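Report on the structure given below.
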Amino acid sequence: MARVQKEEVGKVKQGLEHLMSQFMEVQHKYERMNKERRRLHNEVMELKGNIRVFCRIRPAKQQSDMACVNPSGELGNTLLVSEQGSKKCYSFEYDHVFGPCTSNKQVFDEVEPLVVSVLDGFNGCIFAYGQTGSGKTHTMMGSDQAPGVNIQALERLFTETGSCKEAKYQLSVSLLEVYNEQVRDLLSSSDKAKNLEIRTGPQGNSCPDATIQGVSCIEDVFGIMETGNSNRATASTNCNEHSSRSHCILSVFVRGTILATSATVFSTLHLVDLAGSERLSRSGAEGQRAKEAQNINKSLSALGDVIMSLFNKTNHVPFRNSKLTFLLQDALGGNSKTLMMVQVSPEQSDLNESLCTLKFAQRVRGVQVGQASKNGQMGELVKLKEEVANLKETIANKNGEIVQHKKEIKNLQSKVDKSEHAAKDLASSKLQEREFSKQAQLQEKELNKAVMDKKCLEGTVHKLTQRLEVASDKHGELEAKQSELVRQNGQLQTQQVEAKRKEAALVERIKALELKNLEANKALDKQMSASRVTSAIKEIAASHPGDCPSPGAHRFESRFGQGMDDSPRGGQRRRSSLTPRRTSAVNEEAGKGPV
């Protein structure tokens with residue numbers, strides 16, 4: 001009897017080990033499918049042109065405080081918000097979630113692909129959003145020991161441009177702030193720089209009067225940042241000792257020339273440190289600080305209206321309601337790769353502000369601004385434009401020379417007329433006639449020379465006209481190429497429609513995989529339940545080998561339809577009627593489970 005029980009226990013252990021191995025295999029497959037799902041999700045977001053949203057949790061000010069915002073999930077893209085003393089729990093999902101222990105270097109590693117794409121001609125925008133004191137300035141500006149996204153982005157651009165041998169790049173930067181609904185130049189101290197105008201140009205909205213300085217190394221950037229930080233508006237409030245009272249915008253302008261084809265690329269990277277939202281009652285702001293807080297909340301409210309309009313895909317988007325949204329119009333709703341860095345506080349006292357920030361970020365993540373495209377010009381087009389400009393300049397110069405020669409010919413003609421009158425007056429004197437004849441011969445030679453010069457100029461004008469006709473033919477060829485590009489653009493749009501169809505197929509495939517995972521989990525739960533029932537039956541059989549069935553055992557027998565007879569025949573009937581049935585059920589479920 002004991003040997004049989006040992007054999008049964010061994011079989012159960014083997015079955016459990018087999019089930020555990022299957023469980024581990026299913027778990028590994030689940031992790032791989034989640035990684036594949038995340039990769040496909042990023043590709044879908046890239047095709048749709050969604051605004052990417054990263055979330056970073058600031059470390060708690062006091063270690064004793066219990067955090068109410070915590071990262072969750074193995075993929076690092078979800079977080080949970082719990083309210084102390086309540087069972088309410090909120091879950092948010094973003095493109096990436098950084099915990100309190102994340103360094104600025106780890107944050108930049110996720111941001112780096114967007115920064116590098118600027119060198120390929122794509123516009124980019126990274127802006128930090130969150131309440132006052134949530135760590136926005138630390139993420140964007142950083143410190144001497146831990147540089148922020150701004151410094152690391154410029155260092156990366158200097159490294160890439162310095163090592164690139166196929167192209168030559170030029171970098172320049174500007175530093176602006178939006179203070180009390182006025183755009184100010186932080187690199188200039190003039191009165192005009194305190195209220196710049198925003199104008200719309202071929203490359204989007206910008207401030208033409210802003211100071212733009214060329215930079216060639218990171219030391220130049222440090223000098224510019226030091227000048228800008230000394231001019232930026234900051235003040236102390238109850239929420240933050242060094243609270244930013246304005247929105248700071250660091251713009252990096254990249255212009256490159258491909259040496260092989262003479263093609264040019266130009267792009268702009270906006271690095272924005274938004275001022276934090278705050279309640280007047282909590283911040284304790286008064287006087288000028290209160291006015292600053294009202295303007296900050298007004299601009300952030302305008303940003304929320306723009307995001308809501310883009311999310312709902314309304315016909316009118318109120319970009320002009322604020323200088324901030326008007327200046328960032330191209331980044332929010334135009335040709336740009338945009339990333340939003342959401343900063344939240346984990347402390348219980350900041351729970352309401354954190355929930356508002358996270359809900360706003362969730363709406364931002366659903367906004368589609370369209371797929372970004374490269375900025376640049378083809379090398380042949382640039383050369384032809386330069387040739388046409390040179391030809392126009394040459395024609396203008398030759399026209400000036402022709403006018404000058406006409407004046408000289410007119411003067412010579414007047415001299416000839418005067419000489420003829422003088423010849424009539426001096427007809428009586430042969431000496432005077434000889435002198436007049438000599439002068440007339442000389443003037444005739446000059447006139448013939450002028451006529452020859454005129455013919456040469458006419459030939460030159462004819463050649464220039466022919467070159468202009470050749471340039472016109474080249475212009476026609478360029479228009480034909482442009483028509484071909486338009487046709488290719490139509491094909492690309494067709495491919496985009498096909499990509500959307502594939503996207504829908506991928507979404508269906510992901511749903512099917514999730515249903516399979518759910519069925520696998522249910523099958524595994526059934527297998528574990530069957531194993532526990534089998535173990536319980538054997539334990540009861542082992543605890544009462546020769547006694548009469550107890551009332552509890554009788555209930556157990558009536559439940560499973562078998563008696564607990566202690567005779568060998570009864571034990572044999574129990575094993576043949578109950579245990580094999582459960583074993584076959586386990587094997588059947590194990591056979592149906594996913595491998």
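Scanning the range 517-531 for residues that are closer than 25 Å to Met33 by Cα, out of contact with any helix residue (DSSP H, G or I) (no Cβ under 9 Å at 6 or more places or on another chain) and not acidic (Asp, Glu) turns up Leu518, Lys522. Screening the range 211-233 for residues that are among the polar types (S, T, N, Q) and modelled with pLDDT of 85 or more and picking the one that is surrounded by the fewest Cβ atoms within 10 Å (Cβ to Cβ) gives Ser216. When the range 304-321 is filtered for residues that are free of Cβ contacts under 8 Å to residues at least 24 places away in the same chain and part of a helix (DSSP H, G or I), the ones remaining, listed by number, are Asp305, Ser309, Asn312, Phe319, Arg320, Asn321.
In the range 468-481, which residue that is in contact with an Asp or Glu (Cβ under 9 Å, 6 or more places away or on another chain) and not small (Gly, Ala, Ser) is least open to solvent (accessible area, probe 1.4 Å)? So that I can check it myself, show each step before the final result.
From the range 468-481, those in contact with an Asp or Glu (Cβ under 9 Å, 6 or more places away or on another chain) are 471, 474, 478, 481; that's our starting set.
Then drop every residue that is not not small (Gly, Ala, Ser), which leaves 474, 478, 481.
Numbers: Lys474: 79, Leu478: 34, Lys481: 95 Å².
For the range 468-481, the residue satisfying everything is Leu478.
Yes/no matrix, rows are residues, columns are (1) closer than 26 Å to Val344 by Cβ; (2) at pLDDT 85 or above; (3) of a type outside the set (S, T, N, Q); (4) surrounded by fewer than 22 Cβ atoms within 10 Å (Cβ to Cβ):
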{"position": "Asp273", "(1), (2), (3), (4)": "yes, yes, yes, no"}
{"position": "Gly276", "(1), (2), (3), (4)": "yes, no, yes, no"}
{"position": "Leu280", "(1), (2), (3), (4)": "yes, no, yes, yes"}
{"position": "Glu286", "(1), (2), (3), (4)": "no, no, yes, yes"}
{"position": "Ala293", "(1), (2), (3), (4)": "yes, no, yes, no"}
{"position": "Lys298", "(1), (2), (3), (4)": "yes, yes, yes, yes"}
{"position": "Ser301", "(1), (2), (3), (4)": "yes, yes, no, yes"}
{"position": "Pro318", "(1), (2), (3), (4)": "no, yes, yes, yes"}
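This table checks each residue for (1) more than 30 Å from Ser301 (Cβ to Cβ); (2) part of a loop (DSSP other than H, G, I, E, B).
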{"position": "Leu80", "(1), (2)": "no, no"}
{"position": "Gln84", "(1), (2)": "no, yes"}
{"position": "Tyr90", "(1), (2)": "no, no"}
{"position": "Pro100", "(1), (2)": "no, yes"}
{"position": "Lys105", "(1), (2)": "yes, no"}
{"position": "Gly130", "(1), (2)": "no, no"}
{"position": "Ser134", "(1), (2)": "no, yes"}
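Does Thr78 satisfy the condition of being in contact with a Phe, Trp or Tyr (Cβ under 8 Å, 6 or more places away or on another chain), farther than 22 Å from Gly333 by Cβ and among the hydroxyl-bearing types (Ser, Thr, Tyr)? Answer is yes for this residue.
Residue count for the range 156-210 under the criterion of being open to solvent by 50 Å² or more (accessible area, probe 1.4 Å), farther than 24 Å from Asn335 by Cα and out of contact with any strand residue (DSSP E or B) (no Cβ under 7 Å at 6 or more places or on another chain): the result is 9. Residue pairs whose Cβ atoms lie under 6 Å apart, separated by 6 or more positions or on different chains, with the first residue in the range 399-411 and under 19 Å from Thr465 (Cα atoms) and the second surrounded by 10 or more Cβ atoms within 10 Å (Cβ to Cβ), are Ile402/Leu457. Quick check on Ala505: is it of a type outside the set (Phe, Trp, Tyr) and either over 27 Å from the mean Cα position of the chain (by Cα) or surrounded by 11 or more Cβ atoms within 10 Å (Cβ to Cβ) (or both)? Considered against the rule, which asks whether it is of a type outside the set (Phe, Trp, Tyr) and either over 27 Å from the mean Cα position of the chain (by Cα) or surrounded by 11 or more Cβ atoms within 10 Å (Cβ to Cβ) (or both), Ala505 comes out as no.
Taking the range 322-353 as the range and being within 17 Å of Ala275 (Cβ to Cβ), part of a helix (DSSP H, G or I) and modelled with pLDDT of 85 or more as the test, the residues that pass are Lys323, Leu324, Thr325, Phe326, Leu327, Glu353.
Which of the residues that make up the range 52-80 are at pLDDT below 80, under 25 Å from the mean Cα position of the chain (by Cα) and either loosely packed, with under 14 Cβ neighbours inside 10 Å or of a type outside the set (S, T, N, Q) (or both)? Passing the criteria: Gly73, Glu74, Leu75, Gly76. Among residues of the range 119-133 that are touching a residue at least 24 places away in the same chain (Cβ under 8 Å), those with a Cβ under 6 angstrom from a residue that is among the aliphatic types (A, V, I, L, M) and open to solvent by 10 Å² or more (accessible area, probe 1.4 Å), sequence gap 6+ or separate chain, pair up as Gly121/Val265; Phe122/Ala372; Gly124/Leu114.
Yes/no per residue for (1) closer than 21 Å to Ile51 by Cα; (2) among the aromatic types (Phe, Trp, Tyr); (3) out of contact with any helix residue (DSSP H, G or I) (no Cβ under 8 Å at 6 or more places or on another chain); (4) open to solvent by less than 20 Å² (accessible area, probe 1.4 Å):
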{"site": "Ser91", "(1), (2), (3), (4)": "yes, no, yes, no"}
{"site": "Phe98", "(1), (2), (3), (4)": "yes, yes, no, yes"}
{"site": "Phe108", "(1), (2), (3), (4)": "yes, yes, no, yes"}
{"site": "Pro113", "(1), (2), (3), (4)": "yes, no, yes, no"}
{"site": "Val116", "(1), (2), (3), (4)": "yes, no, no, no"}
{"site": "Leu119", "(1), (2), (3), (4)": "yes, no, no, yes"}
{"site": "Asn123", "(1), (2), (3), (4)": "yes, no, no, no"}
{"site": "Ile126", "(1), (2), (3), (4)": "yes, no, no, yes"}
{"site": "Asp144", "(1), (2), (3), (4)": "no, no, yes, no"}
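Residues in the range 433-457 that are open to solvent by 60 Å² or more (accessible area, probe 1.4 Å), modelled with pLDDT under 85 and touching a helix residue (DSSP H, G or I) at 6+ places or on another chain (Cβ under 9 Å): Glu433, Gln439.
The values are calculated or read from the model by the stated rules, or taken from the named source; none is laboratory data. The model shown is predicted, which means the values in this text are computed figures rather than measured ones. Here the Cβ is made from the backbone with ideal geometry for all residues, glycine too, and neighbour counts use every protein chain on show. Ligands, DNA and RNA are excluded from the accessible area calculation, which covers all protein heavy atoms including side chains. Shrake-Rupley method; radii C 1.70, N 1.55, O 1.52, S 1.80 Å.
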